[in-house]
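Enquirer: Dumping the structure here so I can ask a few things about it.
A short reminder: the numbers here are calculations on the coordinates, not readings from a lab. Being a predicted model, the structure only gives us computed values, none of them experimental. Every residue, glycine as well, gets a Cβ built from its backbone with ideal geometry; the counts of neighbours run over all protein chains shown.
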Amino acid sequence: MADKKTCFIICAIDKPDSEERNWADFVRNNIIEPVVTDCGYEKPMRSDDPDTGLLMVEIIEQMFEADLVVADLTYYEPNVFFELGIRHCAQKPVIHLIKAGEEVPFDIEENKAIFLDRDYEKVMSAKLEIKQRIEAIRKKPTQFHSQVQQYMQLKQLELFKKSQTGKDQPMFGILQTLLHSSNLQTGMLSKLHKELVEKPKQPPYQRLYRRRPKSTLLTGELGKTLSQKPSHEDEQKQ
């Protein structure tokens, strides 16, 4: 039997018994978890789960590796948007949620967030919308709406147009150009993964601090001049 897919939730959490924590628990327990587990995913993880760990690098790793990310934008928590930006760069499926009455920031409003409420009928409506999004992701897992994806597509189109400037340019050259644009996208994601996930996991560099001799604190002619003792003739001149 194939392993179940993973799901990670990013949201404002705050301290226990806070308004943010109560909302996050309500959304997770009553909306997200019932839907995603019914759709065949594992129980969704969150940054405050014991298995997740406290290191930011482990959360960032989830932005790259999780099969599905559900982002609740309620309360406009900066960390949520930081992690969401990384997920967009990874160009992997993400479903946007927000509490009814709050506005989706203009730069991601095209992503069509699902509005949430504690009202029973609206809870059921939100669950249905999430399920529909998951079904759409299953049909076209690589075709989800992202401004980063739009940029990469425009970049590919730009390179393709440049390849058409010469009428006699062979098709081989056009294919090379398109391949380069694809490698550009892959390279960007690879570098981002290395900087944010791989490097922080490496053991810290052990520097050896050694005290240099006083005579080597200054180098060059100035150092030689100051380190030399005055001669007998110099003492007489003084």
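Enquirer: Exactly one of these conditions fails for residue 21: (1) farther than 30 Å from residue 139 by Cβ; (2) in contact (Cβ under 8 Å) with a residue 24 or more places away in the chain. Give me its number.
Expert: Answer for residue 21: the failing condition is (2).
Enquirer: Turning to a different aspect of this structure: Out of 105, 93, 44, which single residue is surrounded by fewer than 20 Cβ atoms within 10 Å (Cβ to Cβ) and on the phi < 0 side of the Ramachandran plot?
Expert: Values: 93 fails: surrounded by fewer than 20 Cβ atoms within 10 Å (Cβ to Cβ); 44 fails: surrounded by fewer than 20 Cβ atoms within 10 Å (Cβ to Cβ).
Every option except 105 fails the conditions.
The rows are residues; the columns are (1) crowded, with 20+ Cβ neighbours inside 10 Å; (2) among the charged types (D, E, K, R); (3) more than 18 Å from residue 127 (Cβ to Cβ); (4) in contact with a strand residue (DSSP E or B) (Cβ under 8 Å, 6 or more places away or on another chain).
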{"site": "4", "(1), (2), (3), (4)": "no, yes, yes, yes"}
{"site": "10", "(1), (2), (3), (4)": "yes, no, yes, yes"}
{"site": "13", "(1), (2), (3), (4)": "yes, no, yes, yes"}
{"site": "17", "(1), (2), (3), (4)": "no, yes, yes, no"}
{"site": "22", "(1), (2), (3), (4)": "no, no, yes, no"}
{"site": "26", "(1), (2), (3), (4)": "no, no, no, no"}
{"site": "30", "(1), (2), (3), (4)": "no, no, no, no"}
{"site": "35", "(1), (2), (3), (4)": "yes, no, no, no"}
{"site": "38", "(1), (2), (3), (4)": "no, yes, no, no"}
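Enquirer: Just for helices (runs of 4 or more DSSP H) wholly inside segment 1-100: which have at least 2 residues that are among the charged types (D, E, K, R) and either farther than 28 Å from residue 194 by Cα or more than 14 Å from the chain's Cα centre (by Cα) (or both)?
Expert: Details: elements: 19-27, 33-38, 56-65, 78-90.
Correct list: 19-27, 33-38.
Enquirer: I've got another one for you. Output the number of residues of segment 47-71 satisfying the condition of being surrounded by 20 or more Cβ atoms within 10 Å (Cβ to Cβ) and touching a Ser or Thr at 6+ places or on another chain (Cβ under 8 Å).
Expert: Final tally of qualifying residues: 4.
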